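Structure record follows, encoded as structure tokens.
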Amino acid sequence: MAHPIRLFRRLVRHGLAPLRDPRPASRLIRQTARKEWKVLSFSMVCNLVQAAAEGATLGVVFLAVDLLSKPTGQTIDWTSKGFLGSLPQLTAALNALPSNELFLLLLGMAVLLKLLQSVGMYLGSLAMGYYGARTSSRLQAMIHSLILSLSFPCSSRYRVGDLLYVGGNGPGAVMTEINVVSGLVMTVLMGVTYLVVLLTLSPWLLLAAIIMGGILALVQQQILPRLRSYSFLGTELGRDLSTRITENIQGLRLLHTCGQLDEADRDVRSRSIAIEANGRASSRVGSITGPVTTFLPILMIAGIAGLSLVLFGNRNSGVLPSLVTFVLALQRLNGTFGGVASALGTLNANAAPLELLNNLLEPSDKEFRSRDGIPFQKLHQGISLRNVNLQYAPDLPPALRSIDLDLPRGSTVALVGSSGAGKSSIADLLCGLYNPTQGEIMIDDTPLDQLDLISWQQRLGVVSQDTFLFNASIADNISFGSANATRSQILAAAEKAQAAGFISDLPDGFDTLIGERGYRLSGGQRQRLSLARAILRDPELLILDEATSALDTQSERLVQQAIDQFERQHTVLVIAHRLSTIAKADQICVLDKGRIVEQGNHQQLLERQGIYAGLWKQQAESKSKGKSQNIEEIHQLLET
């Protein structure tokens, strides 16, 4: 007997474990609880009112049945009715009433008690709803803030789909935890009330109820671990499916151009089938508790109905009210056991998404971006890289080795080299996305890692080959990062970026919505908007990372004209594949396998007859050959 009771207590403690859980989500729940203690105290008072009203209702039912079971003319013996027996004036007044009026009075009291219980239930649920809404909103903001506070290398380790899944399901998991624990507290209070009633009626009948609870606890002991494993597997499958769907939507263009739409659809369907199979298995296990909790009370009541005749002896009265009240209390207690079982099952099913949320919120294994440092105001002298090395991961080869590079203020420095040579890595370092593994980057006389990174990044302009635009108006996209920009400043930036012409041809001009990632615009138009955004910021350093490599000749010419005008007054770092676009740069650095192998201006590098000269000759010959082929095709067309 002790084992089922001990097991049931262990399960209840497991259900209340979130109250002692040291992990971030539970800490947030407790922190919010301390701030909202008045709301939670009110909710607890409402729970106590519900429990007291339920116990009093059962007492009134007992009195009503006792009154009905007595012969005509007999009154209730109040001396054996506990608390009421100590109020002789009240019991005398009640006995003075006719039986019918007393019975109606008892019915009215039962209705009023149930009304009080219902009001307490509503107010308690309302209080917990307010508390849950506050916690959920704080959690949503916390998840977003945490993702944005991570360093770029740390955040890059996560898949977008995983972050979306946790961000979307995390608040719901916490709300589930709050609601279930709140319901469990109420269920336990009700269970205590029913146990007190049963103990008052007969300790032996209470023993029967405990046996029923022990059997349910044994059933739960077998079910809960399996439900937990199915929950973790289902969460993992759901997260993978969310990630795959997100990637498919983001890569629709690639799927269309590669003819992989059907393959992607089959992959998602197969993952959905796996989720369905896991859900069915979980349902088979989780559905066992309901039938057991339904059948067991009937079996117990059948035995108790016979047992009660023995327990209550040959008493002429009291058997019927005791049996009726006991059956009612036992049924309610059965519902309590079912509620505890359901709550424990829900907590186990909720453990997996809550674990994912805790893993995301746990700060100990994460790197955060720096928030302190010297505010950056203006570039006076220039930027210097001194013996800079960069290795993205311990198991990867170094991306940069012993880089020494100067970018004087107002100069244009170009980086050229094959793919993987380290050009973009230098740009990433200057943007503060990564920290050098060795060496330092000096902004004037201040190391970059001692500056306030946000103030430095706000003075950068970056135009890359992969331009990101928001699903907003053209004006909003150009002014992103320049919140105080006026309409005239936005127009001026667009004109400098050679973008005002095509914008004026659009239906709504600068108010035209450009769609997700700017899909309604061509590549050249998107690139010019990105350049206009950078120009509007009036950056101290403009970084052009392969900004024109994917453009057609006309778009490249327009963008290059805008860049040429901008370079005259600003410090510019150009990463280029087409050497013709950087021939006028003040300094050209040739990179190979993470090292600077040649350095100088265009003429100096040509005279050196090294790698740069070879690349220049190769591109010049390719361009000349392309022109000759075009001329021959024109002649053939004219002859035809």
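The values are calculated or read from the model by the stated rules, or taken from the named source; none is laboratory data. Given the structure is predicted, the values throughout are model-derived calculations rather than measurements. Note that we place each Cβ from the backbone using ideal geometry, even for glycine, and neighbour counts take in every protein chain shown.
Table for the structure above
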item: Condition check for Gln74: assigned to a loop (DSSP other than H, G, I, E, B) and either surrounded by fewer than 17 Cβ atoms within 10 Å (Cβ to Cβ) or at pLDDT 70 or above (or both); result: yes
item: Residue in the stretch 48-69 that is modelled with pLDDT of 85 or more, closer than 19 Å to Leu116 by Cα, in a helix (DSSP H, G or I) and within 36 Å of the chain's Cα centre (by Cα) present; result: yes
item: Options Pro447, Pro398, Pro394, Pro436; residue that is without any contact (Cβ under 8 Å) to a residue 40 or more places away in the chain and either among the polar types (S, T, N, Q) or closer than 18 Å to Pro153 by Cα (or both); result: Pro394
item: Scope the stretch 577-590; condition part of a strand (DSSP E or B) and either within 11 Å of Tyr612 (Cβ to Cβ) or in contact with a helix residue (DSSP H, G or I) (Cβ under 6 Å, 6 or more places away or on another chain) (or both); matching residues; result: Ile588, Cys589, Val590
item: Subset of the stretch 413-429 [modelled with pLDDT under 90, more than 38 Å from the chain's Cα centre (by Cα) and surrounded by 18 or more Cβ atoms within 10 Å (Cβ to Cβ)]; result: Gly417
item: Failed item in (1) of a type in the set (A, V, I, L, M, F, W, C); (2) out of contact with any Ser or Thr (no Cβ under 8 Å at 6 or more places or on another chain); (3) without any contact (Cβ under 8 Å) to a residue 60 or more places away in the chain, with Val388 passing the rest; result: (2)
item: Any hit, the stretch 551-559, residues being in a loop (DSSP other than H, G, I, E, B), of a type in the set (A, V, I, L, M) and at pLDDT below 85; result: yes
item: Residue pairs meeting the criteria (Cβ under 7 Å; at least 6 apart or on separate chains; first over 19 Å from Gly422 (Cα atoms) and without any contact (Cβ under 8 Å) to a residue 60 or more places away in the chain, in the stretch 593-619; second of a type in the set (Ser, Thr, Tyr) and in a helix (DSSP H, G or I)); result: Leu605/Tyr612
item: One residue from Ser118, Ser137, Ser125 being modelled with pLDDT under 80 and part of a helix (DSSP H, G or I); result: Ser137
item: The one condition in (1) surrounded by 19 or more Cβ atoms within 10 Å (Cβ to Cβ); (2) under 14 Å from Asp538 (Cβ atoms) that Gly481 fails to fulfil; result: (1)
item: Odd one out for Gln498, checked against (1) surrounded by fewer than 21 Cβ atoms within 10 Å (Cβ to Cβ); (2) part of a loop (DSSP other than H, G, I, E, B); result: (1)
item: The stretch 508-531, subset at pLDDT 80 or above, within 13 Å of Asp476 (Cα to Cα) and not charged (D, E, K, R), residue surrounded by the most Cβ atoms within 10 Å (Cβ to Cβ); result: Ser530
item: Any hit, the stretch 622-635, residues being assigned to a helix (DSSP H, G or I), closer than 22 Å to Gln525 by Cβ, modelled with pLDDT under 75 and basic (Lys, Arg); result: no
item: Any chance Gly432 is touching a Gly at 6+ places or on another chain (Cβ under 9 Å), surrounded by 20 or more Cβ atoms within 10 Å (Cβ to Cβ) and more than 23 Å from Gln569 (Cβ to Cβ); result: no
item: Residue check, Tyr130 more than 24 Å from Gly55 (Cβ to Cβ), at pLDDT 75 or above and in a loop (DSSP other than H, G, I, E, B); result: no
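Let's see how each residue does on (1) farther than 21 Å from Glu540 by Cβ; (2) buried (at least 21 other Cβ atoms within 10 Å of the Cβ):
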{"position": "Ser370", "(1), (2)": "no, no"}
{"position": "Gln377", "(1), (2)": "no, no"}
{"position": "Leu390", "(1), (2)": "yes, yes"}
{"position": "Ser402", "(1), (2)": "yes, no"}
{"position": "Asp444", "(1), (2)": "no, no"}
{"position": "Gln450", "(1), (2)": "no, no"}
{"position": "Gln458", "(1), (2)": "no, no"}
